[in-house]
Amino acid sequence: MANTKSAKKAIRQIERRTAVNKDRRSRMRSYVRKVEEAIESGDSSAAGEALKAAQPEIMRASQKGILHKNSASRKVSRLAKRVKLLSA
């Protein structure tokens, strides 16, 4: 348990930040899931639209420190590749 006033404040800040990060991560995963569901259903136009919506969310997550920049780029790249294969 925190003893000092500053340590107690740090705990409150960490809890707030953790909640925000969880929400951001969940939002990003929801967008990715929509793309994957569209790919599985075989609808290339829906998959393309879902990818267009998911890409900024993934990159925003990397800017906010939820994902590493390269991880975000890799995730977008792999999704785009799967969508492209679907339309081919």
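Throughout, read-outs are computed from the coordinates displayed, never taken from laboratory work. Predicted, not measured: the structure shown is a model, and the values here were computed from it. Using ideal geometry, Cβ is built from the backbone for each residue, glycine included, and neighbour counts are taken over all protein chains shown.
List the relative contact order of the range 5-87 as a percent without decimals, with contacts defined as Cα pairs under 8 Å and 6+ residues apart.
With pairs under 8 Å counted, the relative contact order is 29 percent.
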Farthest toward positive dipole pole in the chain [+1 Lys/Arg, -1 Asp/Glu at C-beta], among Leu67, Ile39, Met1: Met1
Pairing the Cα long axis of helix 69-87 with the longest principal axis of the chain, what angle in degrees results, from 0 to 90 and rounded to the nearest 10? 20
In terms of Cα to Cα distance under 24 Å, which lysines are near enough to Lys22, apart from those fewer than 8 places away along the same chain? Lys8, Lys9, Lys34, Lys52, Lys64, Lys69, Lys75
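How would you order 36-46, 11-21, 55-65 from highest to lowest mean count of nearby Cβ atoms within 10 Å?
Sorting 36-46, 11-21, 55-65 by mean packing, highest first, produces 55-65, 36-46, 11-21.
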Which entry in (i) 3, 13, 27, 28, 20, 8, 1, 0; (ii) 3, 13, 20, 19, 13, 12, 10, 7, 3, 1, 0; (iii) 2, 15, 20, 17, 13, 10, 7, 5, 4, 3, 2, 1, 0 matches P(r) over Cα pairs in 5 Å bins from 0, in percent derived from the coordinates of this structure? (iii)
Degrees between helix 44-63 axis and first principal axis of the chain (Cα, 0 to 90, nearest 10): 30
For the charge dipole of the chain, defined by +1 on Lys and Arg C-beta atoms and -1 on Asp and Glu C-beta atoms about the Cα centroid, which residue among Met28, Gln13, Leu85 has the Cα displaced farthest towards the positive pole? Gln13
Helix 5-41 sits at what angle to the longest principal axis of the chain, using alpha carbons and giving 0 to 90 degrees rounded to 10? 10
Sticking with the crude label model, points 7 Å out along Cα→Cβ, report the distance from Lys64 to Arg82 in nm, one decimal please. 2.2
